[in-house]
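The values are calculated or read from the model by the stated rules, or taken from the named source; none is laboratory data. Model, not experiment: these values are computed from the prediction. Cβ atoms come from the backbone with ideal geometry, glycine included; neighbour counts cover every protein chain shown. Ligands, DNA and RNA are stripped out before the accessible areas are found, and what is left, the full protein with its side chains, is counted by its heavy atoms. Shrake-Rupley method; radii C 1.70, N 1.55, O 1.52, S 1.80 Å.
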Amino acid sequence: MLTHLQHYHRPNSLSRAFAVLRQDPQAARLLAGGSKLLASELPEVTQVVDVANLGLGGIAARSRTLTMGAATPVQDLLESAEVSAWTRGILGEACLAATSSLLLRNRSTLGGEIAGAGVQAPIVAALLVLKASLSVYTGSKSKIDLADYLSARADGSLGPHIVTAVAVPKLDRRLDTRLQRLTQLASGPSLALIVVALESRRAGCGQPRIAVTAATLSPSRLRAAEELLDGRRLTAETIRDAAQAASQEVQSFGDQHASAEYRREMTGVLLRRALVHLAGPESAGA
Ligand SMILES: Cc1cc2nc3c(=O)[nH]c(=O)nc-3n(C[C@H](O)[C@H](O)[C@H](O)COP(=O)(O)OP(=O)(O)OC[C@H]3O[C@@H](n4cnc5c(N)ncnc54)[C@H](O)[C@@H]3O)c2cc1C
């Protein structure tokens, strides 16, 4: 709990909200659904800036881009026919994998999922595969690719910022998607989870994209496994090679739920299962 909280701000403009964050980046934090921030132990945090009046809600599909406001509750993403059609259900599946609690899905927001992304980040993993980009306010508006945002967040070069919206290009009709997760309890957190999108052509795989979460401390793409799949037919051999490449590449970690070795192994197993599903009969023996 934020035991040292002194100030609660509810500005109605991005510039005002950002001014508070920039004035004291250590002590001031953006508050969206609060399901992570208010539950965290951060003694340095004395001020919160509520996003409620910043107009960051809404979902809109225009020509080639679906735009989702950062303050959109996860449950609204799950219930949105536009999001379902645009992402062919993979983002909805990720919302269900994020938490089985309807209460929490009604509280937590897309922006909070992205900015607060930690071990359990299925929504971010799906957005990585969907090639999402973010609109970010840092005194002026700019766009950043989600993968670059996560790296900048990781190396601390991001500084105070407000994610205002998330854009997803239309999912290529030729792409098939699959979310595969391993949990101890269906309603519990995942031990490993991957999201795959690819075009399974007879001539060979096209546009393979693979993201992993829950087996790693932060969601990431599995580039080596993607490169290995690119242009190869989804035969049993290719699938085995890709699963092995994923296990070798994943930066897994250990905790009381599972060892790093186990999560590494399971990442490969989940990828094999997803590829067998996407390949259909051609993968016999994988
Ligand atoms: C019982 C319980 C179980 C949970 N289980 C999980 C779990 O399994 N996995 C998991 O990942 N999380 C879990 N959470 C945490 C939480 O639900 C999610 O991380 C959620 O997505 C956070 O969204 P929020 O809108 O509530 O964010 P908040 O808690 O409001 O904010 C989270 C972080 O993101 C920042 N932030 C929020 N919005 C923006 C924005 N627009 N721009 C920039 N920064 C922003 C905040 O400053 C803060 O640092 C759980 C929480 C609870 C209470």
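Tabulated data
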item: Residue match in the stretch 101-113 (condition: within 9 Å of the ligand (Cβ to nearest atom), surrounded by fewer than 22 Cβ atoms within 10 Å (Cβ to Cβ), outside the structural domain of Glu41 (by TED's automatic domain parsing) and among the small types (Gly, Ala, Ser)); result: yes
item: Count of residues meeting criterion [closer than 19 Å to Thr216 by Cβ, open to solvent by 40 Å² or more (accessible area, probe 1.4 Å) and modelled with pLDDT of 95 or more] in the stretch 152-182; result: 2
item: Candidate set from the stretch 165-190 (those that are more than 16 Å from the chain's Cα centre (by Cα) and among the polar types (S, T, N, Q)); member that is farthest from the ligand (Cβ to nearest atom); result: Gln184
item: The stretch 155-174 residues that are in contact (Cβ under 8 Å) with a residue 60 or more places away in the chain, paired with ones that are among the basic types (Lys, Arg) and part of a strand (DSSP E or B) (beta carbon under 8 Å, 6 or more apart); result: Thr164/Lys141; Ala167/Lys143
item: Qualifying strands (runs of 3 or more DSSP E) (wholly inside the stretch 137-207; at least 1 residues being within 26 Å of Glu265 (Cα to Cα) and among the basic types (Lys, Arg)); result: 176-183
item: Residue in the stretch 11-27 that is open to solvent by 30 Å² or more (accessible area, probe 1.4 Å) and over 22 Å from Leu158 (Cα atoms) present; result: yes
item: Residue within the stretch 217-231 that is crowded, with 21+ Cβ neighbours inside 10 Å, touching a helix residue (DSSP H, G or I) at 6+ places or on another chain (Cβ under 8 Å) and at pLDDT below 95 present; result: no
item: Any chance Ala186 is in the same structural domain as Thr213 (by TED's automatic domain parsing), touching a strand residue (DSSP E or B) at 6+ places or on another chain (Cβ under 8 Å) and hydrophobic (A, V, I, L, M, F, W, C); result: no
item: Given (1) open to solvent by 10 Å² or more (accessible area, probe 1.4 Å); (2) in contact with a Lys or Arg (Cβ under 7 Å, 6 or more places away or on another chain), index of the condition Gly55 fails; result: (2)
item: Residue under evaluation Ala60, criteria (1) more than 14 Å from the ligand (Cβ to nearest atom); (2) within 22 Å of Leu179 (Cα to Cα), criterion not met; result: (2)
item: Output for the stretch 209-238, where each listed residue is farther than 19 Å from Ala125 by Cβ and of a type in the set (S, T, N, Q); result: Thr235, Thr238
